[in-house]
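This report refers to the structure that appears directly beneath it.
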Amino acid sequence: MDLAVRVVRMVEGLPRKLMTRHISQQLLRAATAGGANYQEARHAESRADFIHKVRVAAKETSETLYWLQLLERLGVSDLGPLMREADELVAILVASANTARANS
């Protein structure tokens, strides 16, 4: 949730250009989907369902990281802190899915 909130606030401050409009839409979708999928995983109906939803959350968060990296490489903004947070969340989600799978 916190990453999604920070991404939404950052996107609101981006320049209104064709390039940033497309990237912003993709970034917002991925950043908010990661948290939503993790929330669903917390209420999974089975271990397999949990693993699947956590992996989807990891994929969405990884996509978030991609869009943040693209914006930074385009020189739009210094997004180092957001990128580090997204990267850490991907690692946590992947580890959680792997642990759940190993314990099944």
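Remarks
- Selected from Ala57, Ala44, Ala31 as most flexible by GNM, with the chain as the system and alpha-carbon contacts under 10 Å: Ala44
- The modelled label-to-label distance between Gln69 and Arg6, using points 7 Å beyond Cα along the C-beta direction, is 1.8 nm.
- Distance between the range 59-84 and the range 22-54 - C-alpha centres, whole angstrom: 18 Å
- Order of Met10, Met19 under a 10 Å beta carbon neighbour criterion, fewest first: Met19, Met10
- The range 62-72 - phi-based ³J(HN,Hα) in whole Hz, Karplus 6.51/-1.76/1.60, Gly and Pro as x: 5, 5, 4, 4, 4, 5, 5, 4, 4, 4, 5
- If you take all other residues with their beta carbon under 15 Å from the beta carbon of Met19, and give Lys and Arg +1 and Asp and Glu -1, the sum is +3.
- Footprinting exposure proxy ranking of Val56, Val7, fewest other C-beta atoms within 10 angstrom first, gives Val56, Val7.
Every number here is computed from the coordinates shown, using simple stated rules; none is lab data. Not measured: the values here are computed from a predicted model. No Cβ is skipped: glycine too gets one built from the backbone with ideal geometry, and neighbour counts run over all protein chains shown.
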